[in-house]
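Any read-out appearing in this document is the output of simple, stated calculations on the displayed coordinates, not a laboratory observation. Keep in mind that what you see is a predicted model, and the values were worked out from it rather than measured. When we count neighbours, we look across all protein chains shown, and the Cβ atoms used for this are built from the backbone with ideal geometry, even at glycine.
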Amino acid sequence: MVEGDLDAIAEIEQQVTPHPWNRKQFEDSFLKHHCLSMVLGDQVVGYAVFTLVAGESEILNIAIGSRWQGRGLGSQLLNAVIERISREAEHLFLEVRADNYPAQTLYQNAGLVEICVRRNYYRTADGPKDAIIMAIDFCFRP
Ligand SMILES: CC(C)(COP(=O)(O)OP(=O)(O)OC[C@H]1O[C@@H](n2cnc3c(N)ncnc32)[C@H](O)[C@@H]1OP(=O)(O)O)[C@@H](O)C(=O)NCCC(=O)NCCS
């Protein structure tokens with residue numbers, strides 16, 4: 001990710017999630033965390049924000065713009081994150097809303113498994129939704 005990507009990223013974020021991060025949150029993440037942009041031609045189509053500290057990694061945000069979803073780009077982006085962290089991290093964690101099936105499929109395909117559920121963690125217009133915590137343990141990866 002480069003700083004010039006942040007406007008496009010904040011715009012995609014508004015389209016794809018009901019509780020979007022604002023531009024300032026991406027600016028702060030750009031300074032504090034690890035960030036990848038996915039670019040096609042000169043267009044930003046997706047992004048991932050993740051931490052990598054003391055052998056533990058967490059994906060804080062990952063998304064593909066709505067017009068580019070369903071073409072395998074999310075899988076490529078997640079694989080790029082895993083490739084980046086897997087030599088240093090022992091574990092990768094993330095949190096996903098229980099009704100976010102595309103994201104859960106994406107993560108399961110990459111080998112992440114559900115490790116616990118936080119009941120009623122998200123407030124939504126349809127009422128509270130559980131958060132599923134998923135993880136991959138790189139120590140046991142083939
Ligand atoms: C989650 C997200 C990043 C996936 O990106 P994508 O580019 O559409 O993903 P891919 O095309 O690589 O597909 C990944 C898997 O999800 C599946 N999938 C895609 N859309 C789906 C849908 N609407 N319902 C169920 N599964 C779906 C695909 O079939 C694929 O699995 P398969 O290879 O077994 O067929 C994208 O949907 C997104 O940005 N969502 C909004 C933001 C978000 O929810 N981020 C995650 C927060 S935890």
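Worth pointing out:
- For VAL39, the amide hydrogen comes within under 5 Å of the amide hydrogens of VAL45, counting only partners 5 or more places away or on other chains and with H modelled in the peptide plane.
- Diagonalising the gyration tensor over the Cα atoms of the stretch 3-140 and scaling each eigenvalue by 5 before taking the square root yields semi-axes of 22, 20, 15 Å, largest first.
- Largest-first principal axis extents of the Cα set of the stretch 76-142 (Å): 40, 22, 16
- Part-to-part distance (alpha-carbon centres) for the stretch 1-53 and the stretch 79-140, which is given in Å: 19 Å
- Rounded to 5, percent antiparallel among DSSP beta bridges of the chain: 90 percent
- Once backbone amide H atoms are built at 1.01 Å from N, GLU56 has GLU90 as its partners under 5 Å, excluding neighbours fewer than 5 places away on the same chain.
- Order of VAL49, VAL39, VAL44 - criterion: other Cβ atoms within 10 Å of each residue's Cβ, fewest first: VAL39, VAL44, VAL49
- Put in line by how crowded their Cβ is, counting other Cβ atoms within 10 Å and starting with the fewest, GLU83, GLU27, GLU13 read GLU83, GLU27, GLU13.
- Each of VAL81, VAL2, VAL16 was scored by other Cβ atoms within 10 Å of its Cβ. Arranged with the fewest first, they read VAL2, VAL16, VAL81.
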